[in-house]
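I have placed the structure first, in the form of C-alpha coordinates, so that the comments after it can refer back to it.
The values are calculated or read from the model by the stated rules, or taken from the named source; none is laboratory data. All values reported here derive from a predicted model rather than from experimental measurement. Virtual Cβ from ideal backbone geometry, glycine too; neighbours counted across all protein chains shown.
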Amino acid sequence: MTSTPTRVRLGTALGRRKPVADLVAEAGHGPLKRSLGLGQLTMLSIGATLGSGIFVVLGEAVPVAGPAVVLSFVLAGVTALFSALSYAELAGMIPLSGSSYSYAYATLGELVAWVCGWCLILEYGVSVASVAVGWGQYVNELLQLAFGVALPESISGPPGDGGLVNVPAIVVVLLAMVLLLSGAKESARANAIMVVVKIATLVLFCAIAFTAVQAKNFTPFLPLGLAGMSAGGAKLFFSYIGFDAASTAGEEARNPQRDLPRAILLSLGIVTVLYCLVAVAAVGALPWQQFDDQQAALSHVLTSVLDSPFWAGVLAVGALVAISSVVLTVLYGQTRIMFAMSRDGLVPKTLSTVHPRTGVPRTNTLVVSAFVAVLAAFVPLGKLADATSIGTLFAFGLVNIAVLVLRKRRPDDARTFRVPFSPVTPILGVLCCAYMMFSLDGATWVVFGGWMLLGLVLYFGYGIRRSRLAAAK
(Lines give C-alpha, C1' and ligand atoms only; values in the text may rest on other atoms or scores of the structure.)
Protein backbone atom coordinates (compact mmCIF):
# COMPACT_ATOMS: atom_id res chain seq x y z
CA MET A 1 0.00 0.00 0.00
CA THR A 2 2.98 2.32 0.56
CA SER A 3 4.83 1.59 -2.68
CA THR A 4 3.05 4.22 -4.78
CA PRO A 5 3.75 7.18 -2.41
CA THR A 6 7.34 5.99 -2.12
CA ARG A 7 7.72 6.01 -5.89
CA VAL A 8 6.17 9.49 -6.06
CA ARG A 9 8.56 10.83 -3.44
CA LEU A 10 11.47 9.18 -5.21
CA GLY A 11 10.47 10.65 -8.57
CA THR A 12 10.10 14.09 -7.02
CA ALA A 13 13.53 13.82 -5.41
CA LEU A 14 15.24 12.75 -8.60
CA GLY A 15 13.72 15.58 -10.64
CA ARG A 16 14.17 18.40 -8.15
CA ARG A 17 16.15 21.30 -9.53
CA LYS A 18 17.99 24.14 -7.84
CA PRO A 19 16.60 27.49 -9.06
CA VAL A 20 19.03 29.65 -11.00
CA ALA A 21 18.24 32.60 -8.72
CA ASP A 22 19.29 30.54 -5.68
CA LEU A 23 22.51 29.52 -7.38
CA VAL A 24 23.37 33.10 -8.23
CA ALA A 25 22.56 34.21 -4.67
CA GLU A 26 24.89 31.53 -3.27
CA ALA A 27 27.64 32.71 -5.60
CA GLY A 28 27.23 36.27 -4.35
CA HIS A 29 27.33 35.44 -0.65
CA GLY A 30 29.62 32.41 -0.47
CA PRO A 31 32.55 32.04 1.95
CA LEU A 32 35.25 31.81 -0.74
CA LYS A 33 37.36 34.92 -1.35
CA ARG A 34 36.98 36.76 -4.67
CA SER A 35 40.60 37.39 -5.63
CA LEU A 36 41.08 36.21 -9.23
CA GLY A 37 41.09 38.47 -12.29
CA LEU A 38 40.85 37.69 -16.00
CA GLY A 39 44.56 36.97 -16.39
CA GLN A 40 44.66 34.53 -13.48
CA LEU A 41 41.50 32.76 -14.64
CA THR A 42 42.90 32.42 -18.16
CA MET A 43 46.16 31.04 -16.78
CA LEU A 44 44.15 28.59 -14.68
CA SER A 45 42.51 27.09 -17.76
CA ILE A 46 45.75 27.12 -19.76
CA GLY A 47 47.52 25.47 -16.83
CA ALA A 48 44.97 22.64 -16.73
CA THR A 49 44.94 22.16 -20.52
CA LEU A 50 48.54 22.64 -21.61
CA GLY A 51 50.13 19.66 -19.88
CA SER A 52 52.33 16.73 -20.61
CA GLY A 53 50.07 15.71 -23.51
CA ILE A 54 51.66 18.05 -26.04
CA PHE A 55 55.08 16.64 -25.20
CA VAL A 56 54.00 13.15 -26.27
CA VAL A 57 50.77 13.55 -28.25
CA LEU A 58 52.45 14.26 -31.60
CA GLY A 59 54.16 10.89 -31.46
CA GLU A 60 50.75 9.25 -31.30
CA ALA A 61 48.90 11.42 -33.82
CA VAL A 62 51.46 12.00 -36.59
CA PRO A 63 51.69 8.31 -37.66
CA VAL A 64 47.88 8.37 -38.00
CA ALA A 65 47.47 11.72 -39.81
CA GLY A 66 50.84 12.54 -41.38
CA PRO A 67 51.57 16.26 -41.97
CA ALA A 68 47.80 16.85 -41.83
CA VAL A 69 48.16 16.55 -38.05
CA VAL A 70 48.10 20.36 -38.18
CA LEU A 71 44.51 20.20 -39.44
CA SER A 72 43.81 17.47 -36.88
CA PHE A 73 44.63 19.96 -34.14
CA VAL A 74 42.27 22.48 -35.75
CA LEU A 75 39.54 19.84 -36.02
CA ALA A 76 39.94 18.86 -32.37
CA GLY A 77 39.99 22.52 -31.36
CA VAL A 78 36.76 23.25 -33.23
CA THR A 79 35.15 20.21 -31.59
CA ALA A 80 36.22 21.50 -28.17
CA LEU A 81 34.99 24.98 -29.13
CA PHE A 82 31.35 23.82 -29.33
CA SER A 83 31.44 22.83 -25.66
CA ALA A 84 33.62 25.81 -24.70
CA LEU A 85 30.97 28.20 -26.02
CA SER A 86 28.33 26.49 -23.90
CA TYR A 87 30.61 26.62 -20.85
CA ALA A 88 31.16 30.33 -21.49
CA GLU A 89 27.42 31.10 -21.55
CA LEU A 90 26.66 29.13 -18.39
CA ALA A 91 29.75 30.30 -16.49
CA GLY A 92 28.66 33.90 -17.00
CA MET A 93 25.08 33.09 -16.07
CA ILE A 94 25.73 30.76 -13.09
CA PRO A 95 29.17 31.70 -11.69
CA LEU A 96 29.49 28.88 -9.14
CA SER A 97 32.42 26.66 -8.13
CA GLY A 98 30.54 23.54 -9.21
CA SER A 99 31.08 24.07 -12.95
CA SER A 100 28.98 21.64 -15.03
CA TYR A 101 27.67 19.95 -11.87
CA SER A 102 25.93 23.20 -10.85
CA TYR A 103 24.68 23.82 -14.40
CA ALA A 104 23.09 20.35 -14.48
CA TYR A 105 21.50 20.94 -11.05
CA ALA A 106 19.73 24.04 -12.37
CA THR A 107 18.47 22.42 -15.54
CA LEU A 108 18.33 18.62 -15.50
CA GLY A 109 17.67 17.76 -11.86
CA GLU A 110 19.51 16.43 -8.85
CA LEU A 111 20.16 12.90 -10.09
CA VAL A 112 21.71 14.10 -13.35
CA ALA A 113 23.71 16.69 -11.40
CA TRP A 114 25.03 13.97 -9.12
CA VAL A 115 26.00 11.82 -12.11
CA CYS A 116 27.74 14.83 -13.67
CA GLY A 117 29.60 15.58 -10.44
CA TRP A 118 30.55 11.92 -10.12
CA CYS A 119 31.95 12.04 -13.68
CA LEU A 120 33.95 15.14 -12.76
CA ILE A 121 35.38 13.37 -9.72
CA LEU A 122 36.57 10.63 -12.09
CA GLU A 123 37.89 13.13 -14.63
CA TYR A 124 39.74 15.37 -12.19
CA GLY A 125 40.85 12.83 -9.60
CA VAL A 126 42.14 10.09 -11.89
CA SER A 127 43.55 12.42 -14.54
CA VAL A 128 45.64 14.34 -12.01
CA ALA A 129 46.87 11.03 -10.57
CA SER A 130 47.83 9.84 -14.06
CA VAL A 131 49.68 13.07 -14.78
CA ALA A 132 51.48 12.90 -11.42
CA VAL A 133 52.70 9.39 -12.27
CA GLY A 134 54.41 10.80 -15.37
CA TRP A 135 56.29 13.36 -13.28
CA GLY A 136 58.66 10.66 -12.01
CA GLN A 137 59.54 9.61 -15.56
CA TYR A 138 60.56 13.16 -16.48
CA VAL A 139 62.53 13.48 -13.22
CA ASN A 140 64.47 10.38 -14.23
CA GLU A 141 65.05 11.71 -17.76
CA LEU A 142 66.48 14.91 -16.31
CA LEU A 143 68.66 13.05 -13.82
CA GLN A 144 70.00 10.84 -16.60
CA LEU A 145 70.88 13.80 -18.81
CA ALA A 146 72.43 15.89 -16.02
CA PHE A 147 74.15 13.32 -13.80
CA GLY A 148 73.93 9.96 -15.53
CA VAL A 149 71.85 8.46 -12.71
CA ALA A 150 68.21 7.61 -12.20
CA LEU A 151 65.84 6.73 -9.40
CA PRO A 152 65.12 3.01 -9.04
CA GLU A 153 62.15 1.87 -11.13
CA SER A 154 60.49 0.45 -8.03
CA ILE A 155 60.01 3.95 -6.52
CA SER A 156 59.61 6.04 -9.68
CA GLY A 157 57.79 3.88 -12.22
CA PRO A 158 54.05 3.56 -12.82
CA PRO A 159 52.40 1.19 -10.33
CA GLY A 160 51.89 -2.23 -11.84
CA ASP A 161 54.37 -1.53 -14.65
CA GLY A 162 57.63 -2.11 -12.81
CA GLY A 163 56.92 0.34 -10.01
CA LEU A 164 55.85 -0.49 -6.47
CA VAL A 165 55.29 3.00 -5.08
CA ASN A 166 55.67 6.18 -7.13
CA VAL A 167 57.45 8.53 -4.73
CA PRO A 168 57.80 11.48 -7.18
CA ALA A 169 54.03 11.35 -7.76
CA ILE A 170 53.45 11.73 -4.03
CA VAL A 171 55.92 14.63 -3.91
CA VAL A 172 54.32 16.65 -6.71
CA VAL A 173 50.79 16.15 -5.32
CA LEU A 174 51.89 17.23 -1.82
CA LEU A 175 53.66 20.30 -3.23
CA ALA A 176 50.45 21.25 -5.06
CA MET A 177 48.49 20.69 -1.86
CA VAL A 178 50.74 23.06 0.10
CA LEU A 179 50.24 25.76 -2.54
CA LEU A 180 46.47 25.27 -2.53
CA LEU A 181 46.32 25.53 1.26
CA SER A 182 48.06 28.91 1.09
CA GLY A 183 45.09 30.44 -0.76
CA ALA A 184 43.57 30.75 -4.23
CA LYS A 185 45.44 33.95 -5.06
CA GLU A 186 48.81 32.48 -4.08
CA SER A 187 48.10 29.30 -6.04
CA ALA A 188 47.10 31.34 -9.08
CA ARG A 189 50.38 33.28 -8.93
CA ALA A 190 52.43 30.08 -8.79
CA ASN A 191 50.43 28.63 -11.68
CA ALA A 192 50.91 31.79 -13.77
CA ILE A 193 54.70 31.46 -13.40
CA MET A 194 54.58 27.80 -14.42
CA VAL A 195 52.34 28.55 -17.42
CA VAL A 196 54.80 31.20 -18.64
CA VAL A 197 57.67 28.69 -18.32
CA LYS A 198 55.94 25.94 -20.27
CA ILE A 199 54.72 28.31 -22.99
CA ALA A 200 58.29 29.64 -23.27
CA THR A 201 59.55 26.06 -23.59
CA LEU A 202 57.20 25.31 -26.47
CA VAL A 203 57.98 28.64 -28.17
CA LEU A 204 61.68 27.80 -27.88
CA PHE A 205 61.00 24.41 -29.47
CA CYS A 206 59.23 26.13 -32.36
CA ALA A 207 62.04 28.65 -32.82
CA ILE A 208 64.64 25.88 -33.05
CA ALA A 209 62.58 23.46 -35.15
CA PHE A 210 61.57 26.16 -37.66
CA THR A 211 65.25 26.58 -38.59
CA ALA A 212 65.17 23.03 -39.96
CA VAL A 213 61.76 23.11 -41.69
CA GLN A 214 61.77 21.74 -45.25
CA ALA A 215 58.85 22.08 -47.65
CA LYS A 216 59.25 18.49 -48.87
CA ASN A 217 58.24 17.22 -45.42
CA PHE A 218 54.72 18.55 -46.02
CA THR A 219 54.17 16.57 -49.22
CA PRO A 220 51.99 14.67 -49.58
CA PHE A 221 50.00 16.64 -47.03
CA LEU A 222 47.26 14.01 -46.66
CA PRO A 223 49.14 10.72 -47.09
CA LEU A 224 46.51 8.82 -45.11
CA GLY A 225 43.53 10.75 -46.47
CA LEU A 226 40.76 12.61 -44.68
CA ALA A 227 40.09 9.53 -42.57
CA GLY A 228 43.61 9.78 -41.17
CA MET A 229 43.18 13.46 -40.39
CA SER A 230 39.89 12.72 -38.59
CA ALA A 231 41.45 9.86 -36.63
CA GLY A 232 44.24 12.20 -35.59
CA GLY A 233 41.66 14.74 -34.45
CA ALA A 234 39.96 12.13 -32.29
CA LYS A 235 43.27 11.34 -30.59
CA LEU A 236 44.15 15.00 -30.13
CA PHE A 237 40.78 16.05 -28.70
CA PHE A 238 41.84 14.89 -25.28
CA SER A 239 44.80 17.27 -25.26
CA TYR A 240 42.18 20.06 -25.03
CA ILE A 241 40.56 18.75 -21.86
CA GLY A 242 40.99 21.28 -19.07
CA PHE A 243 39.77 24.48 -20.74
CA ASP A 244 36.78 24.36 -18.37
CA ALA A 245 39.00 24.77 -15.29
CA ALA A 246 38.20 28.49 -15.00
CA SER A 247 34.53 27.62 -14.49
CA THR A 248 35.43 25.90 -11.19
CA ALA A 249 36.65 29.29 -9.90
CA GLY A 250 33.26 30.96 -10.29
CA GLU A 251 33.07 32.01 -6.64
CA GLU A 252 36.66 33.24 -6.47
CA ALA A 253 36.59 35.46 -9.54
CA ARG A 254 36.35 39.20 -8.91
CA ASN A 255 34.02 39.77 -11.86
CA PRO A 256 32.77 36.30 -12.82
CA GLN A 257 30.00 37.28 -15.23
CA ARG A 258 32.45 39.21 -17.37
CA ASP A 259 35.71 37.30 -16.89
CA LEU A 260 34.72 33.62 -16.85
CA PRO A 261 33.44 33.47 -20.46
CA ARG A 262 36.46 35.45 -21.65
CA ALA A 263 38.92 33.24 -19.77
CA ILE A 264 37.43 30.01 -21.14
CA LEU A 265 37.46 31.14 -24.77
CA LEU A 266 40.79 32.99 -24.54
CA SER A 267 42.56 29.98 -23.04
CA LEU A 268 41.18 27.66 -25.72
CA GLY A 269 42.32 30.07 -28.45
CA ILE A 270 45.84 30.41 -27.04
CA VAL A 271 46.24 26.65 -26.61
CA THR A 272 44.97 25.91 -30.15
CA VAL A 273 47.37 28.41 -31.75
CA LEU A 274 50.28 27.02 -29.75
CA TYR A 275 49.41 23.41 -30.62
CA CYS A 276 49.23 24.23 -34.33
CA LEU A 277 52.58 26.06 -34.26
CA VAL A 278 54.24 23.13 -32.52
CA ALA A 279 52.73 20.70 -35.04
CA VAL A 280 53.89 22.74 -38.05
CA ALA A 281 57.40 23.07 -36.64
CA ALA A 282 57.64 19.39 -35.75
CA VAL A 283 56.43 17.81 -39.01
CA GLY A 284 58.26 20.45 -41.04
CA ALA A 285 61.58 19.66 -39.34
CA LEU A 286 61.28 15.88 -39.39
CA PRO A 287 59.61 13.58 -41.96
CA TRP A 288 56.37 12.26 -40.53
CA GLN A 289 57.46 8.64 -41.07
CA GLN A 290 60.20 9.14 -38.45
CA PHE A 291 57.83 9.94 -35.59
CA ASP A 292 58.39 6.57 -33.97
CA ASP A 293 59.21 7.71 -30.42
CA GLN A 294 55.72 8.13 -28.96
CA GLN A 295 56.90 8.97 -25.46
CA ALA A 296 59.16 11.90 -26.34
CA ALA A 297 58.17 13.22 -29.75
CA LEU A 298 59.43 16.78 -29.28
CA SER A 299 62.74 15.65 -27.78
CA HIS A 300 63.10 13.25 -30.72
CA VAL A 301 62.63 16.12 -33.17
CA LEU A 302 65.24 18.35 -31.53
CA THR A 303 67.88 15.65 -31.05
CA SER A 304 67.40 14.60 -34.69
CA VAL A 305 67.76 18.17 -35.92
CA LEU A 306 70.60 19.33 -33.64
CA ASP A 307 72.21 16.02 -32.63
CA SER A 308 72.53 17.24 -29.03
CA PRO A 309 70.99 15.88 -25.80
CA PHE A 310 70.96 19.37 -24.25
CA TRP A 311 67.64 20.34 -25.79
CA ALA A 312 66.05 17.11 -24.64
CA GLY A 313 66.98 18.25 -21.13
CA VAL A 314 65.36 21.64 -21.72
CA LEU A 315 62.17 19.93 -22.83
CA ALA A 316 62.30 17.62 -19.80
CA VAL A 317 62.38 20.71 -17.56
CA GLY A 318 59.45 22.15 -19.50
CA ALA A 319 57.52 18.89 -19.11
CA LEU A 320 58.17 18.84 -15.35
CA VAL A 321 56.81 22.38 -15.05
CA ALA A 322 53.88 21.53 -17.30
CA ILE A 323 52.94 18.51 -15.20
CA SER A 324 53.30 20.49 -11.96
CA SER A 325 50.96 23.15 -13.32
CA VAL A 326 48.38 20.55 -14.38
CA VAL A 327 48.50 18.84 -10.99
CA LEU A 328 47.98 22.19 -9.23
CA THR A 329 45.11 23.46 -11.38
CA VAL A 330 43.23 20.18 -11.75
CA LEU A 331 43.55 19.47 -8.02
CA TYR A 332 42.15 22.96 -7.43
CA GLY A 333 39.19 22.22 -9.70
CA GLN A 334 38.51 18.93 -7.93
CA THR A 335 38.36 20.60 -4.51
CA ARG A 336 35.96 23.29 -5.73
CA ILE A 337 33.58 20.78 -7.28
CA MET A 338 33.59 18.77 -4.04
CA PHE A 339 32.96 22.05 -2.21
CA ALA A 340 29.82 22.69 -4.28
CA MET A 341 28.53 19.12 -3.87
CA SER A 342 29.15 19.30 -0.12
CA ARG A 343 27.32 22.62 0.20
CA ASP A 344 24.33 20.97 -1.49
CA GLY A 345 24.46 18.13 1.03
CA LEU A 346 25.27 15.39 -1.48
CA VAL A 347 28.65 14.65 0.16
CA PRO A 348 29.68 15.27 3.82
CA LYS A 349 29.37 18.87 5.04
CA THR A 350 32.95 19.03 6.31
CA LEU A 351 34.16 19.27 2.70
CA SER A 352 32.58 22.75 2.35
CA THR A 353 34.05 24.19 5.56
CA VAL A 354 36.30 27.15 4.67
CA HIS A 355 39.32 28.28 6.70
CA PRO A 356 38.62 31.83 7.96
CA ARG A 357 42.10 33.21 7.22
CA THR A 358 43.01 31.67 3.85
CA GLY A 359 39.49 31.27 2.46
CA VAL A 360 40.38 27.71 1.43
CA PRO A 361 38.25 24.59 2.03
CA ARG A 362 41.09 23.03 4.07
CA THR A 363 39.63 19.64 5.00
CA ASN A 364 38.42 19.23 1.42
CA THR A 365 41.91 20.00 0.07
CA LEU A 366 43.59 17.59 2.49
CA VAL A 367 41.18 14.75 1.75
CA VAL A 368 41.28 15.17 -2.05
CA SER A 369 45.09 15.51 -2.10
CA ALA A 370 45.54 12.42 0.07
CA PHE A 371 43.20 10.42 -2.18
CA VAL A 372 45.01 11.51 -5.35
CA ALA A 373 48.46 10.87 -3.82
CA VAL A 374 47.51 7.33 -2.80
CA LEU A 375 45.94 6.68 -6.20
CA ALA A 376 49.04 7.89 -8.05
CA ALA A 377 51.50 6.14 -5.74
CA PHE A 378 50.00 2.67 -5.44
CA VAL A 379 47.15 1.96 -7.87
CA PRO A 380 47.71 0.67 -11.43
CA LEU A 381 45.39 3.08 -13.25
CA GLY A 382 45.16 1.23 -16.58
CA LYS A 383 41.70 1.52 -18.12
CA LEU A 384 40.55 3.70 -15.24
CA ALA A 385 42.77 6.44 -16.67
CA ASP A 386 41.21 5.95 -20.09
CA ALA A 387 37.78 6.31 -18.51
CA THR A 388 38.57 9.94 -17.61
CA SER A 389 37.97 10.77 -21.26
CA ILE A 390 34.49 9.31 -21.31
CA GLY A 391 33.59 11.03 -18.03
CA THR A 392 34.77 14.35 -19.42
CA LEU A 393 32.81 13.96 -22.64
CA PHE A 394 29.68 13.05 -20.69
CA ALA A 395 30.01 16.23 -18.62
CA PHE A 396 30.65 18.31 -21.75
CA GLY A 397 27.53 16.87 -23.37
CA LEU A 398 25.42 17.78 -20.33
CA VAL A 399 26.67 21.38 -20.47
CA ASN A 400 25.51 21.69 -24.07
CA ILE A 401 22.12 20.26 -23.11
CA ALA A 402 21.91 22.67 -20.17
CA VAL A 403 22.28 25.63 -22.54
CA LEU A 404 19.38 24.35 -24.64
CA VAL A 405 17.20 23.80 -21.57
CA LEU A 406 17.87 27.26 -20.09
CA ARG A 407 17.31 28.96 -23.43
CA LYS A 408 13.84 27.37 -23.49
CA ARG A 409 12.90 27.73 -19.81
CA ARG A 410 14.52 31.09 -19.02
CA PRO A 411 14.96 32.89 -22.35
CA ASP A 412 14.86 36.37 -20.80
CA ASP A 413 17.50 35.86 -18.09
CA ALA A 414 20.58 38.08 -18.32
CA ARG A 415 23.50 36.49 -20.12
CA THR A 416 26.91 38.14 -20.39
CA PHE A 417 27.77 35.77 -23.25
CA ARG A 418 25.46 33.94 -25.62
CA VAL A 419 26.36 30.88 -27.67
CA PRO A 420 26.19 31.99 -31.32
CA PHE A 421 23.89 30.16 -33.74
CA SER A 422 21.99 28.41 -30.94
CA PRO A 423 20.45 25.83 -30.93
CA VAL A 424 22.65 24.52 -33.75
CA THR A 425 25.95 25.03 -31.92
CA PRO A 426 24.98 23.26 -28.66
CA ILE A 427 23.39 20.41 -30.64
CA LEU A 428 26.65 20.00 -32.57
CA GLY A 429 28.46 19.99 -29.24
CA VAL A 430 26.26 17.13 -27.97
CA LEU A 431 26.72 15.16 -31.19
CA CYS A 432 30.51 15.62 -31.16
CA CYS A 433 30.71 14.44 -27.54
CA ALA A 434 28.54 11.41 -28.32
CA TYR A 435 30.68 10.55 -31.34
CA MET A 436 33.87 10.75 -29.28
CA MET A 437 32.36 8.65 -26.49
CA PHE A 438 31.25 5.87 -28.83
CA SER A 439 34.68 5.83 -30.50
CA LEU A 440 36.21 4.61 -27.22
CA ASP A 441 36.72 0.88 -26.72
CA GLY A 442 34.46 -1.51 -24.85
CA ALA A 443 36.78 -1.89 -21.86
CA THR A 444 36.55 1.84 -21.21
CA TRP A 445 32.76 1.62 -21.23
CA VAL A 446 32.89 -1.26 -18.74
CA VAL A 447 35.03 0.78 -16.33
CA PHE A 448 32.77 3.80 -16.81
CA GLY A 449 29.69 1.68 -16.15
CA GLY A 450 31.22 0.33 -12.95
CA TRP A 451 32.08 3.84 -11.79
CA MET A 452 28.53 5.04 -12.51
CA LEU A 453 27.06 2.06 -10.61
CA LEU A 454 29.19 2.89 -7.57
CA GLY A 455 28.10 6.52 -7.81
CA LEU A 456 24.42 5.60 -7.89
CA VAL A 457 24.85 3.37 -4.83
CA LEU A 458 26.39 6.30 -2.94
CA TYR A 459 23.69 8.71 -4.08
CA PHE A 460 20.78 6.47 -3.09
CA GLY A 461 22.53 5.46 0.13
CA TYR A 462 23.52 8.98 1.23
CA GLY A 463 22.96 11.97 -1.05
CA ILE A 464 19.26 11.64 -1.80
CA ARG A 465 18.40 11.84 1.93
CA ARG A 466 21.01 14.46 2.92
CA SER A 467 20.31 16.86 0.05
CA ARG A 468 19.59 20.46 1.09
CA LEU A 469 16.69 20.53 -1.35
CA ALA A 470 15.21 17.49 0.39
CA ALA A 471 15.53 19.21 3.77
CA ALA A 472 13.81 22.32 2.41
CA LYS A 473 10.66 20.40 1.43
Q) So, in segment 214-257, of the ones that are in a helix (DSSP H, G or I) and among the basic types (Lys, Arg), which residue ends up surrounded by the most Cβ atoms within 10 Å (Cβ to Cβ)? A) LYS235
Q: Would you confirm whether any residue within segment 449-463 is surrounded by 18 or more Cβ atoms within 10 Å (Cβ to Cβ), aromatic (Phe, Trp, Tyr) and in contact (Cβ under 8 Å) with a residue 40 or more places away in the chain?
A: yes
Q) From the list SER342, SER369, SER389, which one is modelled with pLDDT under 90, hydroxyl-bearing (Ser, Thr, Tyr) and outside any loop (DSSP other than H, G, I, E, B)? A) SER389
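Matching residues to (1) more than 17 Å from the chain's Cα centre (by Cα); (2) touching a residue at least 24 places away in the same chain (Cβ under 8 Å); (3) under 28 Å from MET338 (Cα atoms):
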| residue | (1), (2), (3) |
| --- | --- |
| VAL74 | yes, yes, no |
| GLY77 | no, yes, no |
| TYR87 | no, yes, yes |
| PRO95 | yes, yes, yes |
| CYS119 | no, yes, yes |
| ILE170 | yes, yes, yes |
**Q.** Conditions (1) buried (at least 24 other Cβ atoms within 10 Å of the Cβ); (2) out of contact with any Cys (no Cβ under 9 Å at 6 or more places or on another chain); (3) aliphatic (A, V, I, L, M): number failed by ALA104
**A.** (2)
**Q.** Enumeration of residues in segment 408-426 that are in a helix (DSSP H, G or I) and either surrounded by 22 or more Cβ atoms within 10 Å (Cβ to Cβ) or under 22 Å from the mean Cα position of the chain (by Cα) (or both)
**A.** THR425, PRO426
**Q.** Total residues in segment 130-151, condition outside any helix (DSSP H, G or I) and small (Gly, Ala, Ser)
**A.** 2
Q. Taking segment 353-366, which residues are assigned to a helix (DSSP H, G or I) and either at pLDDT below 90 or under 21 Å from the mean Cα position of the chain (by Cα) (or both)?
A. ASN364, THR365, LEU366
**Q.** Among the candidates VAL347, VAL405, residue that is over 21 Å from the mean Cα position of the chain (by Cα), closer than 29 Å to TYR462 by Cβ, part of a loop (DSSP other than H, G, I, E, B) and at pLDDT 90 or above
**A.** VAL347
Q. Do we have TYR462 as closer than 25 Å to LEU331 by Cα and either modelled with pLDDT of 90 or more or not in a loop (DSSP other than H, G, I, E, B) (or both) here?
A. yes
Q. Of all residues in segment 245-293, how many are free of Cβ contacts under 8 Å to residues at least 60 places away in the same chain and in contact with a Cys (Cβ under 7 Å, 6 or more places away or on another chain)?
A. 0
Q) For residues in segment 291-330 being at pLDDT below 85 and under 21 Å from LEU175 (Cα atoms), which is surrounded by the fewest Cβ atoms within 10 Å (Cβ to Cβ)? A) ALA316
Q | VAL399, sole failed condition from (1) over 30 Å from GLY157 (Cα atoms); (2) more than 20 Å from the chain's Cα centre (by Cα) | A | (2)
